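Following: one structure in structure tokens, then a few remarks.
The values are calculated or read from the model by the stated rules, or taken from the named source; none is laboratory data. Treat the numbers as computed from the prediction; the structure is a model and nothing was measured. Every residue, glycine as well, gets a Cβ built from its backbone with ideal geometry; the counts of neighbours run over all protein chains shown.
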């Protein structure tokens, strides 16, 4: 490109779209790039029966409420379709099929390389969230090749499982939901122990009376501005979030058997921490994700591999921002209500175009339609 963008947003999911809304409101020159072929695909590609924990009244992005029953819990496809409508409604400048290979600092700006395409921007917002690279233990590839072995990102429905017992590894929310579904068609084992459980029953009543309180506490009490929030952040980041909808009691009632943590493989079969060898035909790894910032050529990580940032603003390099990450500022930073607030905050922290003599042009209106040439 022969011009320099004010801001480039990497990631066109809910975080990137919320950021785009606020940038458009400020009439900035910006582009959102995303690796998927279509808005909402990050949700469409998840397992078929997935529903949000958040009721519809909290699923809207700024400027456009989520449609339908406000106390219903949208399916992943309903959310995906809403995101697509949202991007179209505000005419946000999205470019699909773009996977960023490298991001580096050059003089007073950032350079983004994406498979032959190249952008330069004064500011970059990394809105890729926390679900970047599927994580499985190193011994997973030692399983007998006759065992069906899938990460949760590859799981769609029980028809992928062959006849025989299924082992679900990981007792977080994904593991609990998938194990409950599989228990209807297969003998199911669940490995691991949840850190905690939300102490109320998930559903419409909770959405009406309890979740407003949870939302308030998650935003205003459990944040990094106070000792309680900082302690909560350490627990959630180290051990994971509590079970929300499907509890251990629900799993036991459905016939799911719990087993200790999987520590290795022996003779092609998974082995538990107490030495049991499990004779299973299928394994679903609900073992989460890991960050992958190998494409960022800048000192953005601390000694523990965590992003150096304060409420989304990079601490070590200028002009770089993060959005949609777990407990980035508060306990709800990775949720739709939390990321919207964080996006509004970041939009107020990104320097105004032209304030440093950049001479950048701006959008012509609030719609967000871009005047920036696309390579």
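Among the numbered criteria (1) in contact with a strand residue (DSSP E or B) (Cβ under 9 Å, 6 or more places away or on another chain); (2) loosely packed, with under 15 Cβ neighbours inside 10 Å; (3) in a helix (DSSP H, G or I), which single criterion is violated by residue 49?
(3)
Return the only residue of 145, 93 being at pLDDT 95 or above and in the same structural domain as residue 175 (by TED's automatic domain parsing).
Answer to the check: 145.
I'm told residue 270 meets every condition in (1) in contact with a strand residue (DSSP E or B) (Cβ under 7 Å, 6 or more places away or on another chain); (2) within 27 Å of residue 46 (Cα to Cα); (3) not assigned by TED's automatic domain parsing to the domain that holds residue 179 except one. Can you identify the failing condition by its number?
Condition not satisfied by residue 270: (3).
What do you reckon, is residue 99 within 17 Å of the chain's Cα centre (by Cα), surrounded by fewer than 16 Cβ atoms within 10 Å (Cβ to Cβ), modelled with pLDDT under 95 and within 14 Å of residue 10 (Cα to Cα)?
Spelling it out, residue 99 is indeed within 17 Å of the chain's Cα centre (by Cα), surrounded by fewer than 16 Cβ atoms within 10 Å (Cβ to Cβ), modelled with pLDDT under 95 and within 14 Å of residue 10 (Cα to Cα).
Within region 75-106, count every residue that is without any contact (Cβ under 8 Å) to a residue 40 or more places away in the chain, closer than 26 Å to residue 156 by Cα, out of contact with any strand residue (DSSP E or B) (no Cβ under 7 Å at 6 or more places or on another chain) and not in a helix (DSSP H, G or I).
Here the count works out to 0.
Here are some residues: 292, 279. Which one is modelled with pLDDT of 95 or more and in contact with a strand residue (DSSP E or B) (Cβ under 9 Å, 6 or more places away or on another chain)?
On inspection, the qualifying residue turns out to be 279.
Within region 115-122, can one find any residue that is touching a residue at least 24 places away in the same chain (Cβ under 8 Å), in contact with a strand residue (DSSP E or B) (Cβ under 9 Å, 6 or more places away or on another chain) and closer than 29 Å to residue 288 by Cβ?
Taking every residue of region 115-122 in turn, none turns out to be touching a residue at least 24 places away in the same chain (Cβ under 8 Å), in contact with a strand residue (DSSP E or B) (Cβ under 9 Å, 6 or more places away or on another chain) and closer than 29 Å to residue 288 by Cβ.
Just the residues that are over 19 Å from residue 49 (Cα atoms), without any contact (Cβ under 8 Å) to a residue 60 or more places away in the chain and part of a loop (DSSP other than H, G, I, E, B), please, taken from region 161-199.
The answer is 194, 195, 196, 198, 199.
Mind telling me which of the residues 40, 20, 16, 11 ends up being at pLDDT 95 or above, surrounded by 20 or more Cβ atoms within 10 Å (Cβ to Cβ), farther than 21 Å from residue 112 by Cα and assigned by TED's automatic domain parsing to the domain that holds residue 121?
Of 40, 20, 16, 11, the one residue that is at pLDDT 95 or above, surrounded by 20 or more Cβ atoms within 10 Å (Cβ to Cβ), farther than 21 Å from residue 112 by Cα and assigned by TED's automatic domain parsing to the domain that holds residue 121 is 40.
Please report, ordered by residue number, the strands (runs of 3 or more DSSP E) entirely within region 265-340 with at least 1 residues that are within 24 Å of the chain's Cα centre (by Cα) and crowded, with 21+ Cβ neighbours inside 10 Å.
Strands (runs of 3 or more DSSP E) meeting the threshold: 282-285, 320-322.
What is the number of the single condition among (1) in contact with a strand residue (DSSP E or B) (Cβ under 6 Å, 6 or more places away or on another chain); (2) surrounded by fewer than 22 Cβ atoms within 10 Å (Cβ to Cβ) that residue 179 does not meet?
(2)
Does residue 158 fit the bill of being under 30 Å from residue 262 (Cβ atoms) and without any contact (Cβ under 8 Å) to a residue 60 or more places away in the chain?
Yes; evaluated as a whole, the condition is true for this residue.
Pick from 305, 338, 294: which is within 29 Å of residue 46 (Cβ to Cβ) and in contact (Cβ under 8 Å) with a residue 60 or more places away in the chain?
338
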